[in-house]
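Here's the structure we're looking at; comments come further down.
Bear in mind these aren't lab numbers, they're just calculated from the coordinates by the rules spelled out. Note that the coordinates shown come from a computational prediction; the quantities given were computed from them, not determined experimentally. Cβ atoms come from the backbone with ideal geometry, glycine included; neighbour counts cover every protein chain shown.
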2 protein chains.
Amino acid sequence: MGPMGDMTEPRWLTDEEQHVWRAYLHATTLLEDHLDRQLQRDAGMPHVYYGLLVQLSQAPRRRLRMTELARSAKITRSRLSHAIARLEKNGWVRRENCPSDKRGQFAQLTDEGMEVLRRNAPGHVAAVRQAMFDRLSADQVEQLGAIMRVMAEGLEPADADADLPWLR
Amino acid sequence: MGPMGDMTEPRWLTDEEQHVWRAYLHATTLLEDHLDRQLQRDAGMPHVYYGLLVQLSQAPRRRLRMTELARSAKITRSRLSHAIARLEKNGWVRRENCPSDKRGQFAQLTDEGMEVLRRNAPGHVAAVRQAMFDRLSADQVEQLGAIMRVMAEGLEPADADADLPWLR
DNA sequence: GACTCATTCTTGAAAGTTGAACTATGTACG
DNA sequence: CGTACATAGTTCAACTTTCAAGAATGAGTC
């Protein structure tokens, strides 16, 4: 039995917590769906793929090692492999060998990929704005940022060194 | 050109907005992944499926019309059809014809499904708590609730009557 | 160098999702 | 009634994601 396994009565969610949790689930799934549809329609790819192109566009020489990209996009390497294969087929990304590590690959944004990004960025930003920033007060935006940072912190896949602190 | 199509310079995100947006994406994808894995491991189903069982468990007679369930779970009827087919194969849900509307189907939670829910609720709640409620202050929980409600409101698929107000 | 283990990335199959097409039934209206 | 259209739910094919292997290279140790 792990740290979660003691069978004492669990602390259920309070009513308020349940409501917040529901609201969270609804808002996040609605938004993700909304962005997926918008980008699928306009750019011909799901939101995650678009995010990959964005990350590449901001990297030096518009390229990143696969593992690096996977880490910063919070997806598995496997998923990334498939995704890059698809984006490569579209001509938006190309793979390059890494000279210093023969196992390695760079994913590099092509000019065509950059162009797709240029064409679709305004619509995408508008969608994000309309769903989030145009509806929240400045205070709320700040609060949201703080809240999301705290949550992400707790969920960050633990490094070897940060792992299981309660067992050390 | 639609309301989004005028080619004036789009309002890009400010630096703070970008950071908040990034944090939002990271936190939400990490959490969704985390819950998916936890439930896949412990309960043998993804988070969305678990959510369906929860909704059924809270409905009168533990059953809901397919469309109703799809609406409240924020997923398409198509996706729901597949999901219920899978859950039915597990013996956790059964389908029932609707007597008053021969097109209609109820999805009903079986006793076995209820039992799965009982067994896994503590672990699931613990995961949610650990990721969210244990890390946020009371104020933050309240703020998050308000923020998510505002966002969900803006994304709610428009009713026929609420549709396209700017065109009326 | 040879052994072992770690890391990088890919692959293949199974599972899940999507959007469009389809069946069947209900509803409105002449 | 009959026509037309709306709604409920399913199905199919294409696509995406997951998980478990697998191939290749790197790094540490003797």
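Using each residue's phi in the stretch A:110-121, evaluate 6.51 cos²θ - 1.76 cosθ + 1.60 at θ = phi - 60° and report the 3J(HN,Hα) Karplus result to the nearest Hz, with x for Gly and Pro.
7, 4, 4, x, 4, 5, 4, 4, 4, 5, 9, 4
Return the sequence-ordered ³J(HN,Hα) values of the stretch A:25-41 in whole Hz as given by the Karplus equation 6.51 cos²θ - 1.76 cosθ + 1.60 applied to θ = phi - 60°, using x for Gly and Pro.
Running phi through 6.51 cos²θ - 1.76 cosθ + 1.60 with θ = phi - 60° gives 4, 5, 4, 5, 6, 4, 5, 4, 4, 4, 5, 4, 5, 4, 6, 4, 5 Hz.
In whole Hz and in residue order, list the ³J(HN,Hα) couplings for the stretch B:126-134 that follow from phi through the Karplus curve 6.51 cos²θ - 1.76 cosθ + 1.60, θ = phi - 60°; x for Gly and Pro.
Per-residue couplings from phi come out as 4, 5, 5, 4, 5, 7, 10, 6, 6 Hz.
Just to confirm the numbers: B:Glu153, label point 7 angstrom along the Cα-Cβ line, distances to the other copies in nm, shortest first?
Label point to label point, same position, other copies: 3.0 nm.
Can you give me the relative contact order of the stretch B:32-154 as a percent, contacts being Cα pairs under 8 Å and 6 or more apart?
It comes to 24 percent, rounded to a whole number.
As a check on your grasp of the helix formula, calculate [θ] at 222 nm for chain B: sum -39500 (n - 2.57) over DSSP H runs of n ≥ 4, divide by the residue count, round to the nearest 500.
-19500 deg cm²/dmol
Local charge sum around B:Ser81 (other residues, Cβ-Cβ under 11 Å, Lys/Arg +1, Asp/Glu -1)?
Result for the local shell: +3.
Given N residues in the protein assembly as shown, what is Rg(Cα) / (2.2 N^0.38 Å)?
1.09
Count charges around A:Ala70 for me, please; just the other residues with Cβ under 13 Å from its Cβ, Lys/Arg as +1, Asp/Glu as -1.
+3
Quick one: in the stretch B:32-154, what % of C-alpha pairs are over 26 Å apart?
Taking all Cα-Cα pairs of the stretch B:32-154, the fraction more than 26 Å apart is 28 percent.
Can you list the distances in nanometres, one decimal and ascending, from the A:Arg77 label point to the identical position in each other copy, with the point 7 Å along Cα to Cβ?
Taking the point 7 Å beyond Cα along Cα→Cβ, the inter-copy spacings are 4.4 nm.
Tilt of helix B:47-58 relative to the longest C-alpha principal axis of chain B, in degrees (0 to 90, nearest 10)?
Long axis of B:47-58 versus the principal axis of chain B: about 60 degrees.
Can you tally the net charge around A:Arg95? Count Lys and Arg as +1, Asp and Glu as -1, for every other residue whose Cβ sits under 12 Å from the Cβ of A:Arg95.
Around A:Arg95, the surrounding residues sum to +2.
Suppose you put the label 7 Å out from Cα in the Cβ direction; list, shortest first and in nm with one decimal, how far A:Asp111 is from each other copy's label.
Going from nearest to farthest copy, the values are 7.0 nm.
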